[in-house]
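Asker: The structure under discussion is supplied below as C-alpha cells; questions concerning it will follow.
Please treat every number below as a calculation from the coordinates, not as lab data. What you are looking at is a predicted structure, and each value in this text was computed from that prediction instead of being measured. All Cβ positions, glycine included, derive from the backbone under ideal geometry; neighbour counts span all protein chains shown.
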Amino acid sequence: QQQVKQSPQSLIVQKGGISIINCAYENTAFDYFPWYQQFPGKGPALLIAIRPDVSEKKEGRFTISFNKSAKQFSLHIMDSQPGDSATYFCAASIQAAGNKLTFGGGTRVLVKP
Amino acid sequence: NAGVMQNPRHLVRRRGQEARLRCSPVKGHSHVYWYRQLPEEGLKFMVYLQKENIIDESGMPKERFSAEFPKEGPSILRIQQVVRGDSAAYFCASSAGQNEKLFFGSGTQLSVL
C-alpha cells in the first residue's frame, strides 16, 4: 500500500500555541519522511525531513516525531505565528526511487493573532 | 539563481484540445518530477525524468499524457484531447541528484472548459 493518511484536515490555533499534525503510513519500505509547507498560489517548499533511524528531529520551532513501530509521524509547530498560516503536507518515499513522494491529503493551518 | 520556472501559470483549454506545460528546472538540476494536485487534495506523483530519459512514469495515465526532458530546453508535460477531469494544478519539481532536496515550481493551473 502506498497511502499516507494525514489529519486533521484543518486546524485553528492561537498565536503562540502549538500546532500538531499527524500522519500514518502503510508501506514499511518508506525510508524518508519530509514535511512541506505550501502557501496559496505557490508550490510546496521543504520544511523539515526525517529518516526512520531517529525518533525526533528539531529545526527551530518545527519538530518531527517518528514512531516506526506504529508507522506514524507528526509535525509540531511550537510558538505558532500568523506567518505559519499555510497548508502542510506530510510525505513519504523510498530513497532508492528518488524523490517519488507519496503525499498526505494536507492540513490547512490558520494561526489567529 | 532562479528557482523552478513553470509556464504558463494559468492555461485554459476546451475539451479535446491539447495542453502543453513547460518547466525549466533549477540551473544545474538534471532530475525533474511532475506532480498533479486536485482541489483540496495532496499532490500525486506522475513522472520522473532525467535528461532525455524517463526514469519512472508509473503515475502517468496510460493514454493522452506524455512527458519529455530533452537535452536542451525545458521539460514538457503534454496532455492530448483534454477532458474536464484533467483540470488541476500541475507542479514541476527538480533536484540536483536522485535523493537531493526537491524544489517545486509555482505550478500551472489547467482549466478545461
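Asker: Based only on the alpha carbon positions, what is the Kirkwood hydrodynamic radius of the stretch A:8-83, in angstrom?
Answerer: 13.4
Asker: Then there is this: Once the convex hull of the C-alpha atoms of the protein assembly as shown is built, how many Å³ does it hold per residue, rounded to a whole number?
Answerer: Per-residue hull volume (Cα only) is 125 Å³.
Asker: Rounded to the nearest Å, what's the spacing between the alpha carbon centres of the stretch B:1-43 and the stretch A:12-47? Just the number, please.
Answerer: Here the answer is 22 Å between Cα centres.
Asker: Averaging sequence separations of C-alpha pairs under 8 Å and six or more residues apart, then dividing by the length of chain B, give the relative contact order as a whole percent.
Answerer: 37
Asker: For chain B, with equal point scatterers placed on the C-alpha atoms only and solvent neglected, what are the log10 I(q)/I(0) values from the Debye formula at q = 0.18 1/Å, to two decimals?
Answerer: Debye curve over Cα of chain B, log10 I(q)/I(0) at q = 0.18 Å⁻¹: -0.84.
Asker: Would you be so kind as to identify which of B:Ser58, B:Ile79, B:Asn99 lies farthest towards the positive end of the dipole of chain B, taking Lys and Arg as +1 and Asp and Glu as -1 on Cβ and the Cα centre as origin?
Answerer: B:Ile79
Asker: Rounded to the nearest 20 debye, what is the charge dipole size of chain A about its Cα centre when +1 sits on each Lys and Arg Cβ and -1 on each Asp and Glu Cβ?
Answerer: 180
Asker: Among B:Lys51/B:Lys101; A:Lys68/A:Lys100; A:Lys15/A:Lys68; A:Lys15/A:Lys100, which pairs are too far apart, with a Cα-Cα distance over 23 Å?
Answerer: Over 23 Å Cα-Cα: A:Lys15/A:Lys68; A:Lys15/A:Lys100.
Asker: Take the Cβ-Cβ distance between A:Ala29 and A:Lys112 as r, set R0 to 45 Å, and report the resulting FRET efficiency rounded to the nearest 0.05.
Answerer: Rounded to the nearest 0.05, the efficiency is 0.70.
Asker: Going by amide H atoms built from the backbone, whose H comes under 5 Å of the H on A:Gly105, apart from near neighbours?
Answerer: So A:Gly105 has HN proximity to A:Gln6.
Asker: Below 8 Å, C-alpha to C-alpha, sequence gap of six or more: please give me the relative contact order for chain A in percent.
Answerer: 37
Asker: Hey, another quick one. I need the calculated FRET efficiency for the pair A:Ser69 and B:Arg84, taking r as the beta carbon distance and R₀ as 41 Å, to the nearest 0.05.
Answerer: Between A:Ser69 and B:Arg84 the formula returns 0.40.
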